[in-house]
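Every number here is computed from the coordinates shown, using simple stated rules; none is lab data. Quantities reported herein were computed from a predicted structural model and do not represent experimental measurements. Every residue, glycine as well, gets a Cβ built from its backbone with ideal geometry; the counts of neighbours run over all protein chains shown.
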Amino acid sequence: MEGLVPCDANYVPLSPISFLERASFVYGDKLSTIYGNTKYSWREMHERCIKLASALSQLGISRRDMVGAIAPNIPALNELHFVVPMVGAILSTFNTKLSPTILALHLEQLEPKLIFVDSALISLVLDSLSLISVVKSKPSIIVLLQERHAGLETLNLIKQEASLKNVLTYDSLMEMGHANFKIVHPKDENEPIAVNFTSGSTGRPKGVVYSHRAAYLSTIAQIFRFEMGKMSVFLWTVDMFRCNGWCFPWTMAASGGTNIFLRDDITGKSIMDAVFLYKVTNFCGAPIILKKIADVIDVGMDKLPHSVSIMVAGTMPPPEVQEKLEALGFRIDCGYGMTEALGIVISKPWKSPEDIHNDQGNEEEKMVSAREGIHNLMVEGVDVKDPETMESVPNDGETIGEIMVRSNTLMLGYLKNSQATQDVFEGGWYRTRDLGVRLKNGEIELKDRAIDMIKVDGKSVSTLEVEGVIIRHPMVLEAAVVGKPHINLGEVPFALLKLKEGSSVTPEEIMEFCSIHLPSHMNPYYVIFGDLPVNSTGKIQKFTLREKARALQSR
């Protein structure tokens with residue numbers, strides 16, 4: 001095989017910024033962006049990104065520099081997914097609901113040279129920066145993403161802050177930029193492109209580093225998984241600070257579809273209005289969006305005029321919510337993933353119309369089908385293994401093991417935390433710390449996080465299964481279950497429920513309902529009512545719930 005060599009002609013490092021360059025040429029006049037009265041074509045978006053990248057370069061932002069951004073889903077944040085890597089820098093999008101203290105921790109770890117800030121969030125950023133020692137960290141340049149309604153008063157107020165010497169606006173950067181800027185492509189496709197911080201639901205938040213290669217391949221996988229095409233219209237209901245919006249900024253450029261932005265007006269009505277007005281074909285996010293839509297669906301409402309696909313990841317609402325949406329014409333898929341895998345890893349398997357017609361499954365089987373799935377084509381393997389022996393568990397639907405992943409779409413590692421990176425990749429697989437089983441057909445059913453699994457008299461109890469039953473009670477809106485220490489049984493299920501408005505039910509009635517659908521050892525021993533403790537991303541903080549359970553007097 002002499003004379004066969006990789007060279008510039010046959011090897012180009014993979015990077016999702018190439019998708020925007022292609023979109024500008026192939027889909028030039030097609031709309032890339034709709035945000036109220038603001039509209040850009042793919043050619044216009046490409047030109048804007050080139051000029052902004054030029055301005056960043058003039059500010060001294062270059063390869064491997066960190067750039068932060070905190071804003072709701074607006075076009076500027078979408079553009080930054082191309083602008084920042086175009087100068088070789090690394091983008092980190094922050095959760096808009098963080099406390100100043102947590103944001104300060106992120107900023108200290110990241111040490112960004114520049115931070116893009118939405119005008120509505122400037123106070124949060126100023127409070128966070130005030131907590132960071134200027135001796136330890138050089139002050140960042142602030143670029144204000146200024147909505148038109150904010151006015152010049154906001155900018156003048158910010159400039160008066162003694163702690164900030166360098167304040168610019170997004171529009172002023174655009175004016176600084178040159179249209180002939182030469183994009184800085186990665187020399188190595190494994191160079192970092194983004195850092196996303198974990199939610200911290202199971203410990204201290206960690207900075208998860210993505211590569212150009214992983215982002216590129218995840219984008220390709222998205223197109224197949226979500227059946228994206230040039231006619232796709234994507235409604236932004238998933239936050240861009242979650243795994244870079246599940247990689248959809250790059251996916252939409254690759255497919256040449258249209259992005260619809262609502263900023264932070266994500267209500268059932270705004271979603272339905274957008275579906276009809278813009279002919280939305282796809283959107284995704286947390287399962288709460290299903291309930292928001294269900295709440296505004298009127299009896300007798302006409303079916304959707306076109307197919308709309310929804311992908312959700314998380315604890316599903318009651319089956320009647322899903323059935324209500326499906327009756328209207330929505331197609332709902334359930335996904336399982338994590339920040340370290342750039343979003344969704346496995347999703348509910350596709351069923352043919354014949355399979356659906358012949359499906360005589362009961363309610364319990366429907367609940368199981370919402371938790372199972374197969375991996376996308378860029379994932380080399382998803383398995384359920386014994387974490388000690390690394391042997392695969394049998395396909396019996398009973399033997400519990402740890403879900404592990406090998407993929408071209410995994411993180412490079414944790415920022416400034418080599419020990420955590422080494423631990424999570426031990427054995428040549430990414431260890432999710434989630435527990436599951438293999439069904440007879442080889443598909444995976446998620447059981448629980450390892451830390452959340454309850455041991456009742458030696459028997460394993462999945463909190464997800466108990467929650468799945470409780471949420472089917474007609475009076476229950478939300479449910480969370482954890483283990484409570486028990487003197488004889490080791491642990492027993494403890495349930496905190498939030499009831500639907502105007503509803504009333506006793507703990508005994510909930511326990512009786514569970515006894516019909518669950519084995520006796522899985523029935524909650526304790527049931528209380530109240531709001532569920534959640535963190536800034538909306539995830540239930542089960543460690544807080546465990547403390548509440550331990551504090552409750554045992555019976």
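Where does helix 75-86 land angle-wise versus the long Cα axis of the chain, in degrees 0 to 90, nearest 10? Rounded to the nearest ten degrees, it is 70. Using a Debye calculation, one point per C-alpha and no hydration shell, please list log10 I(q)/I(0) for region 247-305 at q = 0.13, 0.17, 0.20 Å⁻¹ in order. Summing over Cα pairs of region 247-305 leads to -0.39, -0.65, -0.86. Between region 246-279 and region 447-487, the alpha-carbon centres lie 35 Å apart. Among Asp386, Asp434, Asp298, the order by Cβ neighbours within 10 angstrom, fewest to most, reads Asp298, Asp386, Asp434. Based on alpha-carbon atoms, the Kirkwood radius and the radius of gyration of region 378-451 give Rg/Rh equal to 0.99. For the peptides 84-90, 517-523, the ranking by mean Cβ contacts within 10 Å, running from highest to lowest, is 84-90, 517-523. Kirkwood analysis of the Cα pair distances in region 409-555 returns a hydrodynamic radius of 17.0 Å.
Using only Cα atoms and rounding to the nearest 10 degrees, what angle (0 to 90) does helix 542-551 make with the longest principal axis of the chain? Taking Cα atoms only, the helix is inclined about 40 degrees. Scanning residues 5 or more positions from Lys500 or on other chains, those with amide H under 5 Å from its amide H are Val476, Leu477, with H placed 1.01 Å from N in the peptide plane.
As a proxy for reagent exposure, Phe241, Phe248 were ordered by neighbouring Cβ count within 10 angstrom, fewest first; the result is Phe241, Phe248. Per residue, the convex hull spanned by the Cα atoms of the chain amounts to 193 cubic angstrom.
My understanding is that a pair violates if its Cα-Cα distance is over 32 Å; which of Lys291/Lys385; Lys113/Lys447; Lys324/Lys542; Lys51/Lys187; Lys416/Lys498; Lys324/Lys459 do that in this structure?
Those over the limit are Lys291/Lys385; Lys113/Lys447; Lys416/Lys498; Lys324/Lys459.
With a Förster radius of 30 Å applied to the C-beta separation of Glu320 and Ser199, the computed FRET efficiency comes to 0.60. The peptide list 526-533, 461-468, put in order of mean Cβ contacts within 10 Å with the highest first, becomes 461-468, 526-533.
Against the longest principal axis of the chain, how steep is helix 507-517, in degrees 0 to 90 to the nearest 10, with axes from Cα atoms? Roughly 90 degrees, rounded to the nearest 10.
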